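Here's the structure we're looking at; comments come further down.
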Amino acid sequence: MKFYQAFILTAIIAFGFTTLSAQITQIDLAQTTGEFATTNVDLAEGQYQFNIINDNVGTDVGFVLVPEGKYDPTHHIKSAYVTAPVANNDSGLTGVVNLEPGVYEYFCPLNNTPKYTINVKGDVQKVGLDQMSGDFKQKSVSVKSGDVQFEIANLDVDHPVGFVLVPKGQYDQSNHISAAYVTAPVAQGKTSLTGIVNLEPGVYEYFCPLNPTPKYTLTVSE
């Protein structure tokens, strides 16, 4: 049994999140031999901390984050180093990193991985939604049109939960806004981010079929 199980949604391999505070989000990044399980990350600008998971690589691993294409050690974002090399089948945290809009790359020279991309966008509205058993704590949400990213928290449901966003009344799977799926199923006591979705003015509904919950209203204004 692997130490960490990656979940695949669309073309992006899963990565998990745990909220540390209202401002800092923790991102799980698992490494197997010679590669990361997560190959692309889309984020809103803000503060993040990376949890690096050594999934049976067999040696210590680390983590390097740089602006795109700047691989010289002088360009390493030092706060993104792990506080100590991560031993086999263990995990370790980086420092807290403030990511401004732009493109970054991450890799592990100890594990000799390829380089992977983090796209950070500005002007993204972040919306927190908390799930309890059979219910969302937030019964309705209003946002302005534009880019939105949802952070889904599993407060007390004893199995993984998800998130579905649709135009109002259009519940068929073909109408799901796939960019609004969580990037990893959300375990009890954890959180996970959705992709970044561009919402036009109108009325939408959100729900979780894994919980399952009622359907709640998301209103998008100009």
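When you scan the range 127-148, how many residues do you find that are surrounded by fewer than 20 Cβ atoms within 10 Å (Cβ to Cβ) and either assigned to a strand (DSSP E or B) or at pLDDT below 95 (or both)? Spell out the reasoning first.
So in the range 127-148, the residues surrounded by fewer than 20 Cβ atoms within 10 Å (Cβ to Cβ) come out as 127-130, 132-135, 137-147.
Narrowing further to those that are either assigned to a strand (DSSP E or B) or at pLDDT below 95 (or both): 127-130, 132, 135, 140-144, 146-147.
Counting residues in the range 127-148 that are surrounded by fewer than 20 Cβ atoms within 10 Å (Cβ to Cβ) and either assigned to a strand (DSSP E or B) or at pLDDT below 95 (or both) gives 13.
Are any residues in the range 184-222 assigned to a strand (DSSP E or B) and of a type in the set (A, V, I, L, M), and if so, which ones? Working first, answer last.
Residues of the range 184-222 assigned to a strand (DSSP E or B): 186, 191-199, 202-207, 216-221.
Residues satisfying the conditions are V186, L193, I196, V197, L199, V203, L218, V220.
What are the residue pairs meeting all of these: first residue in the range 92-111, first residue in contact (Cβ under 8 Å) with a residue 12 or more places away in the chain, second residue of a type in the set (K, R) and part of a strand (DSSP E or B), Cβ atoms under 9 Å, and 6 or more apart or on different chains?
P101/K121
So, in the range 169-209, of the ones that are of a type in the set (D, E, K, R) and surrounded by fewer than 16 Cβ atoms within 10 Å (Cβ to Cβ), which residue ends up nearest to S142 (Cα to Cα)?
Initial filter on the range 169-209 (of a type in the set (D, E, K, R)): 172, 190, 200, 205.
From what is left, the residues that are surrounded by fewer than 16 Cβ atoms within 10 Å (Cβ to Cβ) are 172, 200.
Working: D172: 23, E200: 12 Å.
My answer is E200.
Here is a list: T113, T117. Which entry is in contact with a strand residue (DSSP E or B) (Cβ under 9 Å, 6 or more places away or on another chain), hydroxyl-bearing (S, T, Y) and outside any strand (DSSP E or B)?
Numbers: T117 fails: outside any strand (DSSP E or B).
Result: T113 is the single residue among T113, T117 that is in contact with a strand residue (DSSP E or B) (Cβ under 9 Å, 6 or more places away or on another chain), hydroxyl-bearing (S, T, Y) and outside any strand (DSSP E or B).
So if I check each of D60, D42, D28, which one is of a type in the set (D, E, K, R) and modelled with pLDDT of 95 or more? Quick ask: steps written out before the conclusion?
Working: D42 fails: modelled with pLDDT of 95 or more; D28 fails: modelled with pLDDT of 95 or more.
None of the others qualify; the one that does is D60.
Residues checked against (1) surrounded by fewer than 19 Cβ atoms within 10 Å (Cβ to Cβ); (2) touching a helix residue (DSSP H, G or I) at 6+ places or on another chain (Cβ under 8 Å); (3) at pLDDT 95 or above; (4) over 26 Å from K126 (Cα atoms):
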position	(1), (2), (3), (4)
F3	yes, no, no, yes
D55	no, no, yes, yes
P67	yes, yes, yes, no
K70	yes, no, yes, yes
V82	no, no, yes, yes
A87	yes, no, yes, yes
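Does T117 meet the test of being modelled with pLDDT of 95 or more, under 22 Å from A180 (Cβ atoms) and among the polar types (S, T, N, Q)?
Values: modelled with pLDDT of 95 or more: yes; under 22 Å from A180 (Cβ atoms): yes; among the polar types (S, T, N, Q): yes.
Taking the combined requirement at face value, the residue satisfies it.
When you scan the range 118-137, do you find a residue that is small (G, A, S), over 22 Å from E45 (Cβ atoms), out of contact with any Cys (no Cβ under 6 Å at 6 or more places or on another chain) and touching a residue at least 60 places away in the same chain (Cβ under 8 Å), even just one? I'd like the intermediate steps shown before the answer.
Just the residues of the range 118-137 that are small (G, A, S), to begin with: 122, 128, 133-134.
Imposing the further condition that a residue be over 22 Å from E45 (Cβ atoms) reduces the set to 133-134.
Pick out the ones that are also out of contact with any Cys (no Cβ under 6 Å at 6 or more places or on another chain) and you get 133-134.
Still in the list and also touching a residue at least 60 places away in the same chain (Cβ under 8 Å): 133-134.
Within the range 118-137, one or more residues are small (G, A, S), over 22 Å from E45 (Cβ atoms), out of contact with any Cys (no Cβ under 6 Å at 6 or more places or on another chain) and touching a residue at least 60 places away in the same chain (Cβ under 8 Å).
Would you call E100 of a type in the set (D, E, K, R), within 14 Å of A44 (Cβ to Cβ) and in the same structural domain as I24 (by TED's automatic domain parsing)? First the steps, then the outcome.
Numbers: of a type in the set (D, E, K, R): yes; within 14 Å of A44 (Cβ to Cβ): yes; in the same structural domain as I24 (by TED's automatic domain parsing): yes.
The answer is yes for E100.
Within the range 149-168, how many residues turn out to be touching a residue at least 40 places away in the same chain (Cβ under 8 Å), surrounded by fewer than 17 Cβ atoms within 10 Å (Cβ to Cβ) and closer than 16 Å to Y204 by Cβ?
Within the range 149-168, residues that are touching a residue at least 40 places away in the same chain (Cβ under 8 Å), surrounded by fewer than 17 Cβ atoms within 10 Å (Cβ to Cβ) and closer than 16 Å to Y204 by Cβ number 1.
Tally the residues that are under 17 Å from Y116 (Cα atoms), β-branched (V, I, T), in contact (Cβ under 8 Å) with a residue 60 or more places away in the chain and touching a Leu at 6+ places or on another chain (Cβ under 9 Å), restricting the search to the range 22-79.
2
Within the range 89-108, can you find the residues that are exposed (fewer than 13 other Cβ atoms within 10 Å of the Cβ) and in a loop (DSSP other than H, G, I, E, B)?
Just the residues of the range 89-108 that are exposed (fewer than 13 other Cβ atoms within 10 Å of the Cβ), to begin with: 98, 100, 103.
Within the range 89-108, just E100 meets the criteria.
The values are calculated or read from the model by the stated rules, or taken from the named source; none is laboratory data. Keep in mind that this is a model prediction, so the values were computed, not measured. Note that each Cβ is placed from the backbone with ideal geometry, even for glycine, and that neighbours are counted across all protein chains shown.
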